[in-house]
Each structure stands twice: as C-alpha cells, then as structure tokens.
Amino acid sequence: MSSMGVFGGTFDPIHYGHLRTAFEMLQALRFDEVRFMPCGNPPHRPTPHAAAELRLKMVQVATEGQRGFVVDDRELQRDGPSYSVDTLSILRVEFPLRPIALIIGMDAFLGLHKWYHWREILQLAHIVVAHRPGWRAPDMGPLGELLTDRGTHRIGDLHQAKSGYIYIHDVTQLEISSTEIRELVAAGRDPRFLMPDSVREVIAQSGCYAAADDATR
Ligand code: ATP
C-alpha cells in the first residue's frame, strides 16, 4: 500500500527549507505523495502573520507542478486550533489502510511531548523527523524513551505498517527560517533565492510582511 507523508506547518511563508525537505522525503522514503497542510490557528505558537488564505496561496504556488506534492487545506477550513492528532484521525478514517507518516523537523519533534494527546499520534501514523541544523535527537526523557521504543532505521517499516514507527532522516541542511524571512522583508530586503519566485511575488503583491503591517500588531 502506498505511503503518504503529511507535512504540517504554519508556512508563514513556505521556503526552500520546507520544499527541499519534502522533496527529499518524497524521493528517499518512497512516499507516493507528500501532503502539505497549512495549519489554521497553531496551538503551540503565536498567531501567524500572513492571513490563512495567503499562506495557503503561497503553499499552492510553491508546490505547483511537482508530481507527488499535494496541498490539503482541511485545517484551514476548521474553526479553532488544529491539533495534529485530530487531523490524523480524520485522515485515518478517509484512508483506513494506507501508511501515513507525519513529517516534522527535529525542533518540532523535541516539543512533541507537549502536544495535545501526543501519545495517540503513533497509533494513527508514523513520525518522520527531519534533521535541522543545531538540533540533536533526544536520548533521555519521554522522547528519548519513545525513540528507543519506536525508532527504526528501516524505510520498509514505514510502508509495511500503517503507523507506529519513528524514523529520523537526514535532509540537506538549509538554514532558512520563516521568521528570518519575515524580518528580512519587513526591513525592505528581498528574499530571493530563499524561496520560489512565485512565493516572492505573492509576498510582494500582498505586502503581507511589510513593516507597517507588523507595527499594527
Ligand atoms: P519559524 O522560523 O517561524 O519558526 P518554521 O519555518 O520553523 O518557521 P513552520 O512553517 O511551522 O515553521 O515549519 C513547518 C515544519 O517544517 C516544522 O516541522 C519545521 O520543523 C520544519 N522546517 C522549517 N524550516 C525547516 C528547514 N529549514 N529545514 C527543515 N525543516 C524545516
């Protein structure tokens, strides 16, 4: 059964760090699709800067034309916070037999034990962790134990089982962050070569990260 990667995030804005990670996972882990899922109101983080429709638009233009890249806006359609465990439960009903892998960066994985009903996530999906610059895998505490218990080095496990494994994958380290991009744009600079030009155009046309916009918050 073909496996699906689910890549959630604020994508405020999406950049090459996200896109390259998703692409390398698609190829190396043999997913037949990676589903980008922009979140509505992130439970663990401050409210996003760009409006939800704009973040969605940026994800759409960024992923256009890449086979296997799919955009799923279901978290934006829902009111209130989007908890990963709820989204995965809904996907599980829709795809009862298909292996599903939640893709997260190592920085996000290190906070997993603070997520809502986090222990249920592995009953619904695998977790694939992308190495990010400056972050180390946990070797103690609840996440260290979870890794000892559920960690695997076999890509095949992500395809043979529907859920339950944690796989850490080295991706090309691109030290790009949405926060830095927003700061750069607010300072009047150009985010060229950090993201596709199509995303840059949405930012320029909408003025969504302009300094004046930030000052009103
Ligand atoms: P910020 O800089 O505002 O924290 P972010 O880019 O880390 O933004 P998200 O858009 O929420 O934030 O990230 C979505 C997912 O992508 C997270 O799991 C995060 O760990 C991962 N991610 C973000 N940037 C990179 C990168 N440069 N390389 C690999 N993974 C990344």
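The values are calculated or read from the model by the stated rules, or taken from the named source; none is laboratory data. Computed from a predicted model, the values in this text were never measured in an experiment. Using ideal geometry, Cβ is built from the backbone for each residue, glycine included, and neighbour counts are taken over all protein chains shown. In case anyone asks, the SASA skips ligands and DNA or RNA and just uses the protein heavy atoms, side chains included. Shrake-Rupley method; radii C 1.70, N 1.55, O 1.52, S 1.80 Å.
Of the residues making up region 96-132, just one is of a type in the set (Lys, Arg) and under 14 Å from the mean Cα position of the chain (by Cα), namely ARG132. In the condition set (1) of a type outside the set (Gly, Ala, Ser); (2) open to solvent by less than 50 Å² (accessible area, probe 1.4 Å); (3) under 13 Å from the mean Cα position of the chain (by Cα), MET58 is compliant with all but (3). Inspection of region 34-50 finds no residue satisfying the criterion of being assigned to a helix (DSSP H, G or I), more than 9 Å from the ligand (Cβ to nearest atom) and either farther than 22 Å from ARG200 by Cβ or among the aliphatic types (A, V, I, L, M) (or both). Here ALA22 qualifies as under 13 Å from the mean Cα position of the chain (by Cα), small (Gly, Ala, Ser) and assigned to a helix (DSSP H, G or I). For region 165-187, the set of residues classified as in a loop (DSSP other than H, G, I, E, B) and away from the ligand (no atom under 12 Å from the Cβ) consists of TYR165, ALA187, listed by residue number.
Within region 5-24, the set of residues being more than 10 Å from the ligand (Cβ to nearest atom) and crowded, with 20+ Cβ neighbours inside 10 Å comprises GLY5, VAL6.
For the residues GLY164, GLY188, GLY156, the requirement of being at pLDDT 95 or above and open to solvent by 30 Å² or more (accessible area, probe 1.4 Å) singles out GLY188.
Taking region 68-147 and the strands (runs of 3 or more DSSP E) fully enclosed by it, the elements with 1 or more residues that are within 15 Å of the ligand (Cβ to nearest atom), among the hydrophobic types (A, V, I, L, M, F, W, C) and open to solvent by less than 10 Å² (accessible area, probe 1.4 Å) are at 100-105, 126-130.
Does TYR116 satisfy being touching a Phe, Trp or Tyr at 6+ places or on another chain (Cβ under 9 Å) and more than 18 Å from ARG35 (Cα to Cα)? For TYR116, the condition - touching a Phe, Trp or Tyr at 6+ places or on another chain (Cβ under 9 Å) and more than 18 Å from ARG35 (Cα to Cα) - is met.
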